[in-house]
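Chemist: What follows is a single structure, and I will ask about it in a moment.
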Ligand SMILES: [Zn+2]
């Protein structure tokens with residue numbers, strides 16, 4: 001474990017640099033500044049509330065060392081509390097509004113732009129942030145001229161059809177993922193399966209990834 005209070009990728013982590021070091025970075029015109037947008041929200045009875053925010057940090061810690069040294073990419077401090085109003089009513093859920101998330105992203109973009117950066121890459125690990133991030137990135141491009149994009153892990157999970165259709169939160173993938181990186185933070189004796197439907201009767205109306213969706217909140221489903 002790193003003896004420093006910074007992530008393992010601190011040579012790419014902007015908060016670990018001095019102002020002079022940031023000013024002297026030679027590749028700011030082409031290096032994306034990665035902003036992780038996560039969440040602190042209930043993830044069932046068996047997982048800690050930080051799952052989504054932890055996920056981005058572990059991905060960055062594992063992926064960035066694989067980049068060749070000459071490939072430019074820097075990391076901004078993460079936005080760890082996300083727009084999680086769909087998960088209110090459960091102890092441990094913290095949420096900011098869509099306006100606050102938009103304002104945070106705009107503020108970070110405006111300032112890294114002022115330092116000389118031209119690109120923002122979002123690593124979003126929380127579905128509740130997706131819509132807000134999408135329209136805010138467009139606003140950042142239109143008003144600041146920054147190039148904006150998303151980083152998405154391409155993983156074939158090989159999950160059963162029912163899990164693919166209905167297991168979209170605190171699910172098999174998130175549980176397996178946390179078991180892999182922090183098994184002492186998972187209480188499998190508390191894990192429950194609460195599918196809200198069946199593959200054979202799913203129809204077009206489902207909470208997520210469907211032709212017809214509804215504005216669900218967790219309290220409806222769990
Ligand atoms: Zn999650």
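What follows is calculated from the coordinates using simple rules that are stated; it is not laboratory data. All figures in this text were calculated on a predicted structure; none of them were measured in a lab. Positions of Cβ are generated from backbone atoms using ideal geometry, with glycine treated the same way; all protein chains shown enter the neighbour counts.
Chemist: For the ranges 112-118, 32-38, what's the packing order if you count other beta-carbon atoms within 10 Å of each residue, average per peptide, and put the highest first?
Modeler: 32-38, 112-118
Chemist: Next question, about the same structure. Helix 98-115: angle to the longest alpha-carbon principal axis of the chain, degrees 0 to 90, nearest 10?
Modeler: With rounding to tens, the tilt is 20 degrees.
Chemist: Still on this structure, please answer the following. Once you put a point 7 Å from the Cα of residue 20 and another 7 Å from the Cα of residue 114, both along the Cβ direction, what distance in nm separates them?
Modeler: Going from the residue 20 label point to the residue 114 one covers 2.2 nm.
Chemist: Say R0 is 25 Å: what FRET efficiency, to the nearest 0.05, do residue 194 and residue 130 get from their beta-carbon distance? The partial results should precede the final answer.
Modeler: Working: r = 22 Å, r/R0 = 0.89.
Step by step, r from the Cβ atoms, then E = 0.65.
Chemist: Let me ask something additional. Given the Cα-Cα distance of residue 85 and residue 181 and 0.36 nm per residue of separation, how much length would full extension add, in nm?
Modeler: My answer for the length gained is 31.9 nm.
Chemist: Okay, next question. Round to a whole angstrom and tell me the spacing of the C-alpha centers of segment 129-159 and segment 27-62.
Modeler: For segment 129-159 versus segment 27-62, the Cα centre distance is 14 Å.
Chemist: Output the 0 to 90 degree angle, nearest 10, between the alpha-carbon long axis of helix 130-144 and the longest principal axis computed from the alpha carbons of the chain.
Modeler: Tilt relative to the chain: about 20 degrees.
Chemist: Counting only DSSP beta bridges with both residues in the chain, what percent are antiparallel, rounded to the nearest 5? All intermediate terms of the calculation are to be shown ahead of the outcome.
Modeler: Numbers: 2 of 17 bridges.
Bridges in the chain that DSSP calls antiparallel: roughly 10 percent.
Chemist: How would 11, 86 line up from fewest to most surrounding beta-carbon atoms within 10 angstrom?
Modeler: Least crowded to most crowded, the residues run 11, 86.
Chemist: What is the log10 of I(q)/I(0) for the chain, computed with the Debye formula using one identical point scatterer on each Cα and no solvent, at q = 0.08, 0.12, 0.14, 0.18 Å⁻¹?
Modeler: -0.33, -0.72, -0.96, -1.40
Chemist: Using a simple spin-label model with points 7 Å from Cα along the Cα→Cβ vector, what separation in nm is obtained for residue 201 and residue 220?
Modeler: Calculated label separation equals 1.8 nm.
Chemist: Using the per-residue mean of other Cβ atoms lying within 10 Å as a proxy for protection, in what order, highest first, do the peptides 212-220, 121-129 fall? The partial results should precede the final answer.
Modeler: Numbers: 212-220: 11.9, 121-129: 22.1.
Ranked from most to least packed, the peptides come out as 121-129, 212-220.
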